[in-house]
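Inspection log for the structure reproduced underneath, given as C-alpha cells.
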Amino acid sequence: MLACNDVVKQFAIRRTWGSRQVTVVNRVSVSVEASHVLCIVGESGCGKTTLGKVLAGLLAPTLGSVTVDGTLLYHPGNKAWEREALKIQLIHQDPFSTLNPVHTVREELSLPLLHHQIVPKSLVGEECEHLLTRTGLDPKVVIDKYPHELSGGQRQRVVLARALSVRPRYIVADEAVSMVDVSSRLIMLDLFLEIAQKERIGLVFITHDFGLARYVALEGTIAVMYLGRVVEFGGTETVIHQPRHPYTKVLLSSIPPLQAGDDFKIDKVYPRSFDVPSLELLPPGCVFEPRCPYAFDRCQSALPVLSTVVHEPGHQVACYLEDEETAVV
Amino acid sequence: MNTLRRFGVALIMIWMVVTLTFFMIRLMPGNPIFDAYQTLLQQGVPSQQALVQIHILYDVYPNQSVVVQYLLYMWHLLHGNFGTSVVYTGRPVLPIILAAAPWTLLLVSIGLTISFFIGLLLGVLIALHRNTWFDNLMSQLASIFHGIPNYITGFVFLYFFTVILNWFPFGNIYNPAIHPGFSYGFVASVAYHSVLPIAAYVFGAFGTWTLSTKSAAMAVLGDDFTMADRIRGLTSEQQLEHLVHNSVLPLFTGFVLSLGIMFGGAVFIEETFSIPGLGYLVATSTAQRDYPVMQGVFLVLAGAVIVANFLADTLYSRIDPRIRV
C-alpha cells in the first residue's frame, strides 16, 4: 500500500522583506493498494501535482509521513528509503520536457537498468526492446531515435516504458494524457490500465478531468482536492453519482455533455465566484466558503473536517451541510 | 550541397568585409601617403619627383583613383599578396601578421578556455545552490566582473603586481635577453610574462560565462527529465553529468565564435601589457594609418569569425541531436 498520512507541504515564498510560508498541501491522507486505482481530481493550483511529487518521493513532506508497503519514506539519516522510493515512479504531464533531448531512447532506458543492475549487462538491450514492446512501440523503429523524432504519444509511451524499467509497484501519473493527442488518449489510458492490472501496479492518477477520472478509476476511488485539502473522498461511482460536497458538484456541473440528455443526473451547481482565493490569503473558515452557493454563517468561522457520510461507509466529505442534513433528519 | 552553399556565403561575406574595410579606412581622417608627399615637398623635392619617390618607397601610385587601387588590391589579394606595410617600409604585411598571431592565440586561447571552465563550474554551482548566500555572492561578483572592462582590470593588475608588489615583469611577452627558441628558459619566460595578461583576460570574461551557464543550467534543472533522473534513483554524479551536458549546449556556439573573435586579440590588454600580438597590431597600425596592415589584420579577423561561425554551425549539429543543419 502506498499511503500518505496527514501530509502537509509548505513552500517558502520569497518576498522583498523575508519570506513567508505557503501551505500547498494541507493534512492530506490518501492511499492506494497494489493493482488499485486512486484518482486525485481538482483544478489547477489545488496542490495535486505537489501531492503527486510527495507521494513519488521527490519532495519531502513538511509534516506527516509517506509509507510504501509499510516502509517509511524520507527517513532523515537513513538513505535506504531512496531505494524504496524506486518502487514509486512518476509520469509527468509534458512528454516533451521529461525526456532528455540529447539521449536516444536506448540510452534513456538502459541507464537505470545498468545502474541498478536490474538485468545482467548482456541482457540490457533485450530488456529495452521488451519494455518498448510492452508499451506498444516497435523497438526497431524507435530505439535509436532521439525524443524530438517521436510523436507526443510515442514519447509518452517511452516515458511509461522508462517508468516500468525500474519495476515499480506504484505509478503516479500526473495529468499523464492531457498533452497526448486527443485521438490517442483513450488508447493511452487503456495501456496504463492494462499494464497496471497485469503487473499489479497501484495507480495514482492525477487529473482535472472528471471524465478521465471516471474512466480510469471505475473500480477505484476518487479524492477531490481544493486548495490543498481533500474535500471529498469515496468510491468513483459514489462520488460521481451522489456527490456531497458543493465543490464536487460544481466540478461535475462544468462537464460539457456530449449529447442532449446524456448529462449526469445531478442538479447543476454553479459557484458564486470563479476566483480561486490566493493560497497566501486563505479564508478563515471553509476554504470553499467564498465561492460556495450554499454557504451559511457557520462556514465562515471554522474549517469543516473530512468525516464519513452517515449511512455511506467509505464516503467522506468535509462540509457543514452534512451536519445540517443529519440534524434535519 | 548545403555545406557548399554555406561555403559560398562565407566567401561572399569575406569579400564584403574586404571591400568595406578597404573603403572605410580610406574615409578615415589622416593619410600617410599624403603626409610623406608633403614632407618631401617641404624638403624641396619637386612634386613630380616626389611622386616617383613615393611609388618606389611604398609601391603606390598616389594619383591613382580609388577604384583602380581597389581592383589592384583585390587582384593582389587573390594571389595571396597582402601588400607591403607603409610604416615599416617595404615589409610585406603577411609576415608581420604571422609574427603577431602566435602571441595573441597563446594568450587569448588560454584565457578563453580558463574563463569558460571557471564560468561553467561557477554557473552550475550557482544553479544548484539557487537562492543561497553562495548564489547571491557569486551572481553579484560575476555581474560586477562582467561589467568591468578588461583594460581597467589590466591596468589595476599591472600597477599592483608589477609596480607595488613587483611579483611580475612589466611589458613584452618574454625577456629580450633570452634568445627566442624552444628552450626551457624561453618558454618559462613567456609563461612568466603571460600570467598577468591572461589573468586580466580571465577576470574580464569569466563573468559572462558564469551568468550564461547559470541561466542555461537553471533551465535544465527546471526540465522534467532532471526530476526523472532523480526518481529513477540515478546517482548525483550521473545527474550532474546530464546537467552539465545539457547546460553546455547553448554556450557552445558562443564559445566557438569567441575562438574566432580571439584573432582580433584583446586590444586593450595587449596594449596595456605591451604584447606584440594582433590586438597591438590593430591599435598601432590604425594609429599610424598603415592601410595595408590594417586591411590585412581586419581580413584575418573577419575570416576567423566567419570560419568559426561555419564551424560552430557544423559542430553544433554533432553535439545536439535536435539541430540539423
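The values are calculated or read from the model by the stated rules, or taken from the named source; none is laboratory data. Just so it is clear, the model here is predicted, and its values are computed rather than measured. All Cβ positions, even for glycine, are placed from backbone atoms using ideal geometry, and neighbour counts span all protein chains on display.
Before moving on, here are some points about what is shown:
- Among the residues making up segment A:99-122, those that are surrounded by fewer than 20 Cβ atoms within 10 Å (Cβ to Cβ), assigned to a helix (DSSP H, G or I) and free of Cβ contacts under 8 Å to residues at least 12 places away in the same chain are A:GLU107, A:LEU114, A:HIS115, A:LYS121, A:SER122.
- Among the residues of segment A:17-61, those identified as within 14 Å of chain B (Cβ to nearest Cβ) and more than 29 Å from A:LYS79 (Cα to Cα) are A:GLY18, A:SER19.
- Among all positions in segment B:141-150, there is no residue which is without any contact (Cβ under 8 Å) to a residue 40 or more places away in the chain and surrounded by fewer than 16 Cβ atoms within 10 Å (Cβ to Cβ).
- Checking A:PRO120 against (1) more than 26 Å from A:PHE233 (Cβ to Cβ); (2) modelled with pLDDT of 90 or more, the condition it does not meet: (2)
- Among the residues making up segment A:150-205, those that are touching a Cys at 6+ places or on another chain (Cβ under 9 Å) and either surrounded by fewer than 18 Cβ atoms within 10 Å (Cβ to Cβ) or within 14 Å of another protein chain (Cβ to nearest Cβ) (or both) are A:ALA161, A:SER165, A:VAL204.
- Close Cβ contacts (under 8 Å, 6 or more residues apart or on different chains) running from residues in segment B:125-138 that are within 12 Å of chain A (Cβ to nearest Cβ) to residues that are charged (D, E, K, R) comprise B:ASN131/A:ARG14.
- Test: residue in segment B:79-94 that is surrounded by 13 or more Cβ atoms within 10 Å (Cβ to Cβ), over 27 Å from the mean Cα position of the chain (by Cα) and either at pLDDT 80 or above or among the hydroxyl-bearing types (Ser, Thr, Tyr) (or both): no
- Scan of segment A:123-149 for residues that are in a loop (DSSP other than H, G, I, E, B), in contact (Cβ under 8 Å) with a residue 40 or more places away in the chain and more than 14 Å from every other protein chain (Cβ to nearest Cβ), ordered by number: A:THR135, A:GLY136
- When segment B:219-253 is limited to residues that are among the polar types (S, T, N, Q) and under 39 Å from the mean Cα position of the chain (by Cα), the one that is farthest from the other protein chains (Cβ to nearest Cβ) turns out to be B:THR253.
- Positions within segment A:31-84 being part of a helix (DSSP H, G or I), over 30 Å from A:GLY211 (Cβ atoms) and at pLDDT 85 or above, in sequence order: none
- Count - residues of segment A:79-88 that are touching a residue at least 60 places away in the same chain (Cβ under 8 Å) and either more than 9 Å from chain B (Cβ to nearest Cβ) or closer than 30 Å to B:ILE319 by Cα (or both): 1
- Among (1) at pLDDT 80 or above; (2) within 11 Å of the chain's Cα centre (by Cα); (3) closer than 24 Å to B:PHE157 by Cβ; (4) surrounded by fewer than 23 Cβ atoms within 10 Å (Cβ to Cβ) - the single one B:GLY260 does not satisfy: (3)
- Residues of segment A:39-55 that are of a type outside the set (Ser, Thr, Tyr) and over 10 Å from the mean Cα position of the chain (by Cα): A:GLU43, A:GLY45, A:CYS46, A:VAL54.
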